[in-house]
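**Student:** Input: one structure, supplied below.
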Amino acid sequence: MTQAQTFERFIFDRQYFLSLFEALTRRGYCVVGPTVCDGAIVYQELTSPDDLPIGWTDQQDGGTYRLKRRNDQALFGYVVGPHSWKKFLFPPRIRLFRARRTERGFNIVLNDVASPPAPDTPYSALNDPPSGISPSIPIHPTAPKFAFIGVRSCELHAIAIQDKVFLGGAYVDPTYKVRRENAFIVAVNCGQAGGTCFCASMNTGPKATVGFDLALTEILEPARHYFVVEVGTDRGAAVLQDIPHRPAHIEEVQLAEEIVARTARQMGRQLDTTDIKELLYRNYEHPRWDQVAARCLTCANCTMVCPTCFCSTVEDVTDLTGEHAERWRTWDSCFTMDFSYIHGGSVRASAKARYRQWMTHKLATWIDQFGTSGCVGCGRCITWCPVAIDITEEVRAIRASEPNHKEKTDGNT
Amino acid sequence: METLERILAEHPFFAGLDARHIQLIVGCATNVRFDAGQFIFREGEEANEFYVIRHGKVALEVFVPGRGPVTIQTLGEGEILGWSWLIPPYHWHFNARAIELTRAIALDGKCLRAKCEDDHDLGYELLKRFAHIVEQRLQATRLQLLDVYGVHS
Amino acid sequence: MMSDPMIPRQYRISRVRRETADTFTLELTPVQDEGTFSFAPGQFNMLYVFGVGEIPISISGDPANPRTVVHTTRVVGTVTRAMGTLKRGDVLGVRGPFGSHWPVEEAEGNDVVIVAGGIGLAPLRPALFYILSRREKYGRVVLLYGARTPEDILYRRELGRWRAQFDLDVYVTVDRATGGWRGNVGVVTTLIPRAPFDPLNTVAMVCGPEVMMRFTALELRKRGVGADNIFLSMERNMKCAVGFCGHCQFGPTFVCKDGPVFPYRRVKDLLAIWEL
């Protein structure tokens, strides 16, 4: 009976985390995950579990992010930092094509397969921005194959949301598609919530439920440090076979569930999503937009850190001879003036219009466009806003101003 | 007069007026005809009539030194020309010139003003209709002012 | 190799025609014989000038002629300026066609009113070609066209030909008369109240600057044309034309894929919101 109940969960000890790395590397994956860099936990290529932010945690609030030492050796004892996985699936800057002038026109060259990089070239070196023009630097000749370690539930939802944008319509983005299909995902259930987290409100966490190959819950006991593993795919099961593991006991599974349940109760923020689309649609002219615009620096930080923001621009460049041209796609932000420029001027010239565009898109128009909210409650936009603008507070203010508003009680999410 | 009455009664501008009022208006109406190039009225002249254009095209012009006559607006079949007859001091602000052979019904403004004073119901009905014309011209002028096809920066 | 919607195909300019002081028409044919280019009236292409940039331009040719792609462009920015210097034989990158189209089939059996302002006549021209080639399927067909000045009137020769046609009512007006202009003076909306169509059985297709379309739609509604029977073509910044770049959002819509042609009912409220 116990066996039947624990069939879906397995246990491997902390010491075997290296085996996970090895299993993934052996399969040709470039392992990326959280690591400490410049005072923040960011996502980078990792060489071993030692690169993980062992014993670190983060303290987050509006406009505030600090790393702090934990009094244990947890591998995942923090929440999300300024990076998200979108930088691997939807690169911040990528060359779409190169073109060479010919006598009677021009030729378009796609990937420069003539000079592929050495097999051990780190991914980061392949994505160098061009210095003016870079006819000799190829974009990755073969699609990168990433294994993401430590993907949080909100981030799984963010990836699913970007899937709808780049794969779900009449057109498919080939850059995204190949990276996405190749990606191996090791999710981690959050053992604690951050000060700006509100995934529980958005129904996007803290427990990973879909979209992973393996999902881990980290458990630290005085005498034991281990992971409860859930297998999401056959691919995940195959990787698990390479790690010494055993079926979980019911107590271990319960403990893992309790950890996640406790996290859900710790959310630093909450957002009432009741009829949120209608709420924002009927408040396009609300005075609150002027108030938030008075604070907003239109710096675009929120869009850069947001794991679902997908806007991009293209840049066409030539070399000095005018013989070679390239088109690069880079992340863009609806907070810039250029974003909405049509001949004569920008459609959204005021900060008010740009903040309103961003927030209304995230929480309302996104639902019409893609059948889902564009917000996963990760809290990054709150933490990384230099003036601590808080999307949950903005929604609350608009909601509270409505005549028939009833205050929703805490914890009712 | 039979014909004029029918024409006026069927014109959208007069739609909804009762027969008695139509009768009063017809009493002030005459058929007129202007050749291409002929002035219908000139800026500064007394404004004592308005026109229901039946055929042709009329340009409202203003003379700008150095530029010559500038056409502000053209009016054609079915449109009403002139509302200065309604508003003191009853002077035309623009020239009106037929740019092609134009036939119209002229309505004597002095005659109508007197009838409107006697019969405020008629006055109100006419004012309502002219208010609509003035509103249309004002909206069009505002849109024209925006210079929507120009390059702005 | 997966087909990448961001990669342009090469088209050679077979003809350049100056339309007005700041507009020109390019006729393009594929460099590689790729067969035919089929599009629906109202759709647009992304045109790429080597090394300079790429912009959305509506298609203004005859949909029945799939060998030539025609674009009429106004010089308003870097890319259009560069495009204006191209000559016969030069090559452009083309992606498309993209977007929604004018309801030319749905309009069968009805009167059709086409209201164009300025360069807005260019995206409506394919609809006119289409309708005139099946003229018997429509009721009255009326073209109301407003330009800034007589010198800014596009497709003069064609307008002359259409005007001479007994089964098409063409009314042209200018905001400002110049020179010896003998035609109408006044904004294009002033043509609507007396234009010959049956408002209850009319499909209206409107293209021009946004303000002009707003006023036009109001005037058409006043005349009695239903909000579902009025169609507008919207313009927004576009980088990709396939729904990825996010630039062309207009409320919940993406102009590139939900538009550019929208039923008035769908965008009416959005048009009233400033800086949307």
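The values are calculated or read from the model by the stated rules, or taken from the named source; none is laboratory data. Small disclaimer: the values here were computed from a predicted structure and weren't measured. Positions of Cβ are generated from backbone atoms using ideal geometry, with glycine treated the same way; all protein chains shown enter the neighbour counts.
**Student:** Report yes if some residue within the stretch A:271-287 is surrounded by 14 or more Cβ atoms within 10 Å (Cβ to Cβ), under 24 Å from the mean Cα position of the chain (by Cα) and of a type in the set (D, E); otherwise report no.
**Tutor:** Within the stretch A:271-287, one or more residues are surrounded by 14 or more Cβ atoms within 10 Å (Cβ to Cβ), under 24 Å from the mean Cα position of the chain (by Cα) and of a type in the set (D, E).
**Student:** Go through the stretch A:288-317 and give me each residue that's acidic (D, E) and surrounded by fewer than 17 Cβ atoms within 10 Å (Cβ to Cβ). So that I can check it myself, show each step before the final result.
**Tutor:** Just the residues of the stretch A:288-317 that are acidic (D, E), to begin with: A:290, A:315-316.
Of everything in the stretch A:288-317, those that are acidic (D, E) and surrounded by fewer than 17 Cβ atoms within 10 Å (Cβ to Cβ) turn out to be A:D290, A:E315.
**Student:** Please determine whether any residue of the stretch A:365-373 is among the charged types (D, E, K, R), modelled with pLDDT of 95 or more and touching a Pro at 6+ places or on another chain (Cβ under 8 Å).
**Tutor:** Filtering the stretch A:365-373 down to residues among the charged types (D, E, K, R) leaves A:368.
Among the residues that remain, those that are also modelled with pLDDT of 95 or more are: A:368.
Next, from what is left, pick out any that are touching a Pro at 6+ places or on another chain (Cβ under 8 Å): A:368.
Yes, the conditions are met somewhere in the stretch A:365-373.
**Student:** For the stretch C:70-111, enumerate the residues that are outside any loop (DSSP other than H, G, I, E, B) and either at positive phi or touching a helix residue (DSSP H, G or I) at 6+ places or on another chain (Cβ under 9 Å) (or both). Outline the logic, then answer.
**Tutor:** From the stretch C:70-111, those outside any loop (DSSP other than H, G, I, E, B) are C:70-74, C:78-84, C:91-98, C:111; that's our starting set.
Within the stretch C:70-111, C:V70, C:H71, C:T72, C:T73, C:R74, C:L92, C:G96, C:D111 meet the criteria.
A quick yes/no check of all residues on (1) part of a loop (DSSP other than H, G, I, E, B); (2) within 13 Å of another protein chain (Cβ to nearest Cβ):
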{"residue": "C:R12", "(1), (2)": "no, yes"}
{"residue": "C:R15", "(1), (2)": "no, no"}
{"residue": "C:T25", "(1), (2)": "no, no"}
{"residue": "C:T29", "(1), (2)": "no, yes"}
{"residue": "C:Q32", "(1), (2)": "yes, yes"}
{"residue": "C:A40", "(1), (2)": "yes, no"}
{"residue": "C:N45", "(1), (2)": "no, no"}
{"residue": "C:Y48", "(1), (2)": "no, yes"}
{"residue": "C:E54", "(1), (2)": "no, yes"}
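**Student:** In the stretch A:100-109, is there at least one residue being within 30 Å of C:Q32 (Cβ to Cβ), assigned to a strand (DSSP E or B) and charged (D, E, K, R)? Give the steps one after another, and end with the answer.
**Tutor:** Going residue by residue through the stretch A:100-109, those that are within 30 Å of C:Q32 (Cβ to Cβ) are A:100-109.
Filter once more, keeping what is assigned to a strand (DSSP E or B): A:100-102, A:105-109.
Those still in the list that are charged (D, E, K, R) too: A:100-101.
Taking every residue of the stretch A:100-109 in turn, at least one turns out to be within 30 Å of C:Q32 (Cβ to Cβ), assigned to a strand (DSSP E or B) and charged (D, E, K, R).
**Student:** Now for a separate question. Scan B:V52, B:V148, B:V58 and give me the residue that is buried (at least 18 other Cβ atoms within 10 Å of the Cβ), in contact with a helix residue (DSSP H, G or I) (Cβ under 7 Å, 6 or more places away or on another chain), in a strand (DSSP E or B) and within 14 Å of chain C (Cβ to nearest Cβ).
**Tutor:** Working: B:V148 fails: in a strand (DSSP E or B); B:V58 fails: in contact with a helix residue (DSSP H, G or I) (Cβ under 7 Å, 6 or more places away or on another chain).
Only one candidate passes the filter, namely B:V52.
**Student:** From the set of residues in the stretch B:125-145 that are under 28 Å from B:I22 (Cβ atoms) and of a type in the set (D, E, K, R), which is farthest from the other protein chains (Cβ to nearest Cβ)?
**Tutor:** Within the stretch B:125-145, the match that is farthest from the other protein chains (Cβ to nearest Cβ) is B:E125.
**Student:** Here are B:G123, B:G76: which of them is touching a helix residue (DSSP H, G or I) at 6+ places or on another chain (Cβ under 7 Å) and surrounded by 15 or more Cβ atoms within 10 Å (Cβ to Cβ)? First the steps, then the outcome.
**Tutor:** On the way: B:G76 fails: touching a helix residue (DSSP H, G or I) at 6+ places or on another chain (Cβ under 7 Å).
Every option except B:G123 fails the conditions.
**Student:** Take A:T313 and tell me if it is more than 20 Å from C:G251 (Cβ to Cβ), among the polar types (S, T, N, Q), touching an Asp or Glu at 6+ places or on another chain (Cβ under 9 Å) and in contact (Cβ under 8 Å) with a residue 24 or more places away in the chain. Break it down into steps so the answer makes sense when it comes.
**Tutor:** Working: more than 20 Å from C:G251 (Cβ to Cβ): yes; among the polar types (S, T, N, Q): yes; touching an Asp or Glu at 6+ places or on another chain (Cβ under 9 Å): yes; in contact (Cβ under 8 Å) with a residue 24 or more places away in the chain: yes.
It is true that A:T313 is more than 20 Å from C:G251 (Cβ to Cβ), among the polar types (S, T, N, Q), touching an Asp or Glu at 6+ places or on another chain (Cβ under 9 Å) and in contact (Cβ under 8 Å) with a residue 24 or more places away in the chain.
**Student:** I'd like to check something: does the stretch C:231-239 contain any residue that is more than 14 Å from chain A (Cβ to nearest Cβ), crowded, with 23+ Cβ neighbours inside 10 Å and within 19 Å of the chain's Cα centre (by Cα)?
**Tutor:** yes
**Student:** Suppose we keep only residues that are more than 10 Å from chain B (Cβ to nearest Cβ) and part of a helix (DSSP H, G or I) within the stretch C:215-227. Which one would you say is nearest to the chain's Cα centre (by Cα)? Quick ask: steps written out before the conclusion?
**Tutor:** Our first condition is that a residue be more than 10 Å from chain B (Cβ to nearest Cβ); within the stretch C:215-227, this holds for C:217, C:220-221, C:223-227.
Right, trim to part of a helix (DSSP H, G or I) and you get C:217, C:220-221, C:223, C:227.
Values: C:A217: 16, C:L220: 19, C:R221: 21, C:R223: 23, C:A227: 20 Å.
By that ranking, first place goes to C:A217.
**Student:** (1) loosely packed, with under 15 Cβ neighbours inside 10 Å; (2) among the β-branched types (V, I, T); (3) not in a loop (DSSP other than H, G, I, E, B): which one isn't true of A:I259, the others all being true?
**Tutor:** (1)
**Student:** All but one of (1) crowded, with 21+ Cβ neighbours inside 10 Å; (2) at pLDDT below 95 hold for C:D4, so report the exception by its number.
**Tutor:** (1)
**Student:** Sticking with this structure for a sec: Looking at A:A187, A:A200, A:A208, A:A158, which is the one that is closer than 17 Å to A:S84 by Cβ, assigned to a helix (DSSP H, G or I) and of a type in the set (G, A, S)? It would help to see each step written out before you state the result.
**Tutor:** Details: A:A187 fails: assigned to a helix (DSSP H, G or I); A:A200 fails: closer than 17 Å to A:S84 by Cβ; A:A208 fails: assigned to a helix (DSSP H, G or I).
From the options A:A187, A:A200, A:A208, A:A158, the qualifying one is A:A158.
**Student:** For the stretch C:218-265, name all the residues that are among the basic types (K, R) and out of contact with any Gly (no Cβ under 9 Å at 6 or more places or on another chain). So that I can check it myself, show each step before the final result.
**Tutor:** So the first thing to find is which residues in the stretch C:218-265 are among the basic types (K, R), and the list is C:221-223, C:236, C:239, C:257, C:265.
Matches in the stretch C:218-265: C:R221, C:K222, C:R223.
**Student:** Within the stretch C:198-214, take every residue that is buried (at least 24 other Cβ atoms within 10 Å of the Cβ) and either within 9 Å of chain B (Cβ to nearest Cβ) or part of a loop (DSSP other than H, G, I, E, B) (or both) and give me the one that is nearest to the chain's Cα centre (by Cα).
**Tutor:** Going through the stretch C:198-214, the residues buried (at least 24 other Cβ atoms within 10 Å of the Cβ) turn out to be C:203-208, C:212-213.
Those left that are additionally either within 9 Å of chain B (Cβ to nearest Cβ) or part of a loop (DSSP other than H, G, I, E, B) (or both): C:208, C:212.
Working: C:G208: 8, C:M212: 14 Å.
In this case the residue turns out to be C:G208.
**Student:** What is the one condition in (1) surrounded by fewer than 19 Cβ atoms within 10 Å (Cβ to Cβ); (2) farther than 30 Å from A:I391 by Cα that A:L67 does not satisfy?
**Tutor:** (2)
**Student:** Could you list, in sequence order, the residues of the stretch C:69-97 that are under 20 Å from C:S3 (Cβ atoms) and facing another protein chain (nearest Cβ under 9 Å)? Break it down stepwise before answering.
**Tutor:** If we filter the stretch C:69-97 for residues that are under 20 Å from C:S3 (Cβ atoms), which is where we start, we get C:69, C:92-97.
Result: C:L92, C:G93.
**Student:** Checking the conditions here, which among B:H93, B:H21 is touching an Asp or Glu at 6+ places or on another chain (Cβ under 7 Å), away from chain C (no Cβ under 14 Å) and within 25 Å of B:L143 (Cα to Cα)?
**Tutor:** On the way: B:H21 fails: within 25 Å of B:L143 (Cα to Cα).
Answer to the selection: B:H93.
**Student:** Another one. What's the total number of residues in the stretch A:325-360 that are farther than 21 Å from A:T175 by Cβ, outside any loop (DSSP other than H, G, I, E, B) and more than 7 Å from chain C (Cβ to nearest Cβ)?
**Tutor:** Total meeting the criteria: 12.
**Student:** Have a look at C:W162, C:W181, C:W274 and point out the one that is surrounded by fewer than 17 Cβ atoms within 10 Å (Cβ to Cβ) and hydrophobic (A, V, I, L, M, F, W, C). Working first, answer last.
**Tutor:** On the way: C:W162 fails: surrounded by fewer than 17 Cβ atoms within 10 Å (Cβ to Cβ); C:W181 fails: surrounded by fewer than 17 Cβ atoms within 10 Å (Cβ to Cβ).
Being surrounded by fewer than 17 Cβ atoms within 10 Å (Cβ to Cβ) and hydrophobic (A, V, I, L, M, F, W, C) holds for just one of C:W162, C:W181, C:W274, which is C:W274.
**Student:** Restricting to the stretch B:118-148, name every residue that is over 13 Å from the mean Cα position of the chain (by Cα) and β-branched (V, I, T).
**Tutor:** B:T141, B:V148
**Student:** Any residue at all in the stretch A:161-177 that is crowded, with 20+ Cβ neighbours inside 10 Å, more than 9 Å from chain C (Cβ to nearest Cβ) and either polar (S, T, N, Q) or not in a helix (DSSP H, G or I) (or both)?
**Tutor:** The answer is yes, given that some residue of the stretch A:161-177 is crowded, with 20+ Cβ neighbours inside 10 Å, more than 9 Å from chain C (Cβ to nearest Cβ) and either polar (S, T, N, Q) or not in a helix (DSSP H, G or I) (or both).
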